[in-house]
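> Please find one structure pasted underneath; my questions will follow.
The values are calculated or read from the model by the stated rules, or taken from the named source; none is laboratory data. Remember, predicted model here, so these are calculated numbers, not experimental data. Cβ coordinates were reconstructed from backbone atoms using ideal geometry, including for glycine residues, and neighbour counts include every protein chain displayed. SASA here: full protein model, heavy atoms, side chains in, ligands and nucleic acids out. Shrake-Rupley method; radii C 1.70, N 1.55, O 1.52, S 1.80 Å.
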Amino acid sequence: MAERIMVKGNEAMAEAAVRAGCRLYFGYPITPQSEFTEYMARRMPEVDGVFLQSESEVAAVNMVYGAACTGHRVMTSTSSPGFSLMQEGVSYIAGAMLPAVFVNVVRGGPGLGDIQPAQSDYFQSTKGGGHGDYHLIVLAPGSIQEAVDLMETAFRLADNYRVPVMMLADGMLGQMMEPVVFPEYVKLDGINDHSSWALRGTDGREPHKVTSFDIDPVRLEEMNTETHKVYEEIRSKEIRFETHDLEDADYILVGYGTMGRILGSVVKMARKQGIKVGLFRPISLWPFPYDELKKAAKGKRFCTVVEMSTGQMVEDVRLSVEGALPVHFYGRTGGMVPTPDEVFKELVRLIG
Amino acid sequence: MEKATYKKPKSLAEKEFSYCPGCHHGIIHRLVAEVIDELEIQGKTLMVAPVGCSVFAYEFFDVDGTVAPHGRAPAVATGMKRAMPERMVFTYQGDGDLAAIGTAEIIHAANRGEKITTIFVNNAIYGMTGGQMAPTTLLGMKTTTSPYGRKAETEGFPIHVSELLKETAGIVYLERVSVSSPQEVIKAKAAIKKAFIAQKKGLGFSLVEVLSTCPTNWGLDPVESINWLNENMKKEYPIGVFVDKVGDIK
Ligand SMILES: Cc1ncc(C[n+]2csc(CCOP(=O)(O)OP(=O)(O)O)c2C)c(N)n1
Ligand code: SF4
Ligand SMILES: [Mg+2]
């Protein structure tokens, strides 16, 4: 049996990235993810990797762009204001179809906000954030172990589809400690063979060009259409979610990440009192499990979405169920985390 | 077929330049390509084009290349070089790109002694977007966004990139050149070559600032442009070597 170690979320995710074969990290300190950057500063030299503290998140994302052009596994991590600064670069990376991994340990916003956990960057992460027609694959782990397990998935998806992948965490996941089992080191041979397009020097072959640019609208449309074919494939193959106690449930709770985990406790509390509640926890926020949620919601009395925001994912939930049942929302914002008790009370109130 | 009067450098692609008549971007491209040929590094060079008139530079050079977001070429080049330290990486940037929006990236790449080379083309204007004021625009110079002439009180002073950068410890070669006469072209090429050699030797960051024309947005013909550059730009931006830690390259 692999050993269980107590680790802080930020450090666990960073170690998982190293084990996933990431040897290039560019980042800028920001709470509540700084331990991620600090861990990489210690760890990368041990594995002959590159750690660089950039002058800003703008520079960091562009270093990621440059490294991604060479087709090597590369990542950065940040928290909300930092990810806002990165948006132009993220859009270029998506447009140029480059593989890269981003971790956003979300904090309260808008503006400088605070440094407490939040889920208020859902729109930014799943609906674009930067300019142009593009998507990130967005994965939302509900525990540190899941974040660790999803890290290699994140890199693999980025490599397979040549898209940027975002691990959407929050301050709670980043800051708390949990026992974790780390996966083995990934052997990269062939997994990310990008020699057909990567910029590594021609050595006599035809030059490779990587851009998100074409001055001719006809060709740019073609380019965007090609990218969107990839997005369609991702939509059909990469939906991830988890359910609990849904079968006989009268009501569904929907939440992701830390909130999804808290809702797990609410389901247990309710079940003890004879209230038949189930949980639907999206793990891939893009692509969102629209059809799966619609199926899960069939015949239920209502659905309650709980978020650490004033209501963002709830819009996708409404799109999923297409009016087939009432969709309620409960949220706290500004870094406040709903407790199981308060969500339970809200549930009881809604049942009436 | 007509006999070619000069040979196209191998490192330039078979593509016609998109530059206006009398624009110096084309001359500067050719010099960079000749240096790449002479150093025999075409197969191991990666280039980063800017956003500006030279956005197409990634197509004009027959090497692996990309286009960075406006101003971020030094950060993109940093990522490339750190991923592939044995490769040669250069950026090609205009004055709006490098000295306005990308000021932070160039200063920090230089200060880290990033082992990359930057070709900095200073034409005192935003060429691509139609002749707006650049941070390098001279006092009194009329542009579409300084229609009454640049005034120090409201628009500040022309920024001297090479003079600023020479204080950064990571820079190992820094020279300002122009290409407005055959003799100057020869000197400019020697500067570019030395900058690439500095990188090849792994010494640190190198940059060549090239004073350049923009006849289209200066509202002058090609010959007038060269005269204007000689009379005005060289006064504000004196030609010369600012840093040379490379030494004799013979
Ligand atoms: C973020 C962003 N802001 C603004 C622009 C518009 N833009 C494109 S090129 C340019 C100025 C380029 O001037 P310079 O770097 O001097 O190059 P030149 O065309 O003169 O060679 C600007 C402002 C952009 N593409 N991206
Ligand atoms: S607009 Fe100016 S800088 Fe751009 S190609 Fe024409 S002359 Fe050159
Ligand atoms: Mg210019």
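> Among the residues of the range A:224-265, count how many are open to solvent by 30 Å² or more (accessible area, probe 1.4 Å) and without any contact (Cβ under 8 Å) to a residue 60 or more places away in the chain.
The number of residues fulfilling the criteria is 15.
> Among helices (runs of 4 or more DSSP H) lying entirely in the range B:1-113, which contain 3 or more residues that are open to solvent by less than 40 Å² (accessible area, probe 1.4 Å), on the phi < 0 side of the Ramachandran plot and within 16 Å of ligand 3 (Cβ to nearest atom)? Steps first, please.
Numbers: elements: B:25-38, B:57-60, B:73-83, B:103-111.
Filter on the range B:1-113 gives B:25-38.
> OK, next. Tell me, yes or no, whether the range A:110-129 has at least one residue that is open to solvent by 30 Å² or more (accessible area, probe 1.4 Å), more than 19 Å from A:I283 (Cα to Cα) and within 11 Å of chain B (Cβ to nearest Cβ).
no
> Can you name the residue in the range B:208-228 that is within 11 Å of ligand 3 (Cβ to nearest atom) and in a loop (DSSP other than H, G, I, E, B) and is also nearest to the other protein chains (Cβ to nearest Cβ) among such residues?
By that ranking, first place goes to B:C214.
> Another question, then. Out of (1) open to solvent by 10 Å² or more (accessible area, probe 1.4 Å); (2) touching a strand residue (DSSP E or B) at 6+ places or on another chain (Cβ under 9 Å); (3) part of a helix (DSSP H, G or I), the odd one out for A:P29 is which?
Single failed check for A:P29: (3).
> Of the residues in the range A:242-269, how many are under 18 Å from A:M166 (Cβ atoms) and in contact with a Ser or Thr (Cβ under 7 Å, 6 or more places away or on another chain)?
0
> Just to be sure I understand, how many residues within the range A:144-158 are surrounded by fewer than 24 Cβ atoms within 10 Å (Cβ to Cβ) and in contact with a Gly (Cβ under 9 Å, 6 or more places away or on another chain)?
Residues meeting the conditions: 1.
> Could I ask something else about it? Search the range B:204-225 for residues being among the hydrophobic types (A, V, I, L, M, F, W, C) and closer than 22 Å to B:M133 by Cβ, and hand back the single one that is farthest from the chain's Cα centre (by Cα).
My answer is B:L220.
> Being at the interface with chain B (Cβ under 9 Å from one of its Cβ atoms), without any contact (Cβ under 8 Å) to a residue 60 or more places away in the chain and open to solvent by 10 Å² or more (accessible area, probe 1.4 Å) is the filter here; which residues of the range A:40-99 pass it?
Residues satisfying the conditions are A:V50, A:E55, A:S56, A:V58, A:E88.
> In the range A:290-310, how many residues are surrounded by fewer than 15 Cβ atoms within 10 Å (Cβ to Cβ) and without any contact (Cβ under 8 Å) to a residue 60 or more places away in the chain?
5
> Report the residue count in the range B:123-158 for those that are within 12 Å of ligand 3 (Cβ to nearest atom) and not small (G, A, S).
11
> Read through the list (1) under 27 Å from B:P215 (Cα atoms); (2) more than 13 Å from ligand 1 (Cβ to nearest atom); (3) at the interface with chain A (Cβ under 10 Å from one of its Cβ atoms), then give the number of the only condition that B:V67 fails.
(2) is the only condition that B:V67 fails.
> Now a separate question. Do we find that A:K276 is open to solvent by 80 Å² or more (accessible area, probe 1.4 Å), without any contact (Cβ under 8 Å) to a residue 60 or more places away in the chain, basic (K, R) and within 30 Å of B:V76 (Cα to Cα) in this structure?
On the way: open to solvent by 80 Å² or more (accessible area, probe 1.4 Å): yes; without any contact (Cβ under 8 Å) to a residue 60 or more places away in the chain: yes; basic (K, R): yes; within 30 Å of B:V76 (Cα to Cα): no.
Criteria not met by A:K276.
> Restricting the range B:68-94 to residues that are within 16 Å of ligand 2 (Cβ to nearest atom) and touching a Phe, Trp or Tyr at 6+ places or on another chain (Cβ under 9 Å), which is nearest to B:M47 (Cα to Cα)?
Looking at residues that are within 16 Å of ligand 2 (Cβ to nearest atom) and touching a Phe, Trp or Tyr at 6+ places or on another chain (Cβ under 9 Å), I get B:Y92.
> Output the residues belonging to the range B:114-153 that are more than 11 Å from ligand 2 (Cβ to nearest atom) and on the phi > 0 side of the Ramachandran plot.
Listed by number, the residues that qualify are B:G140, B:G149.
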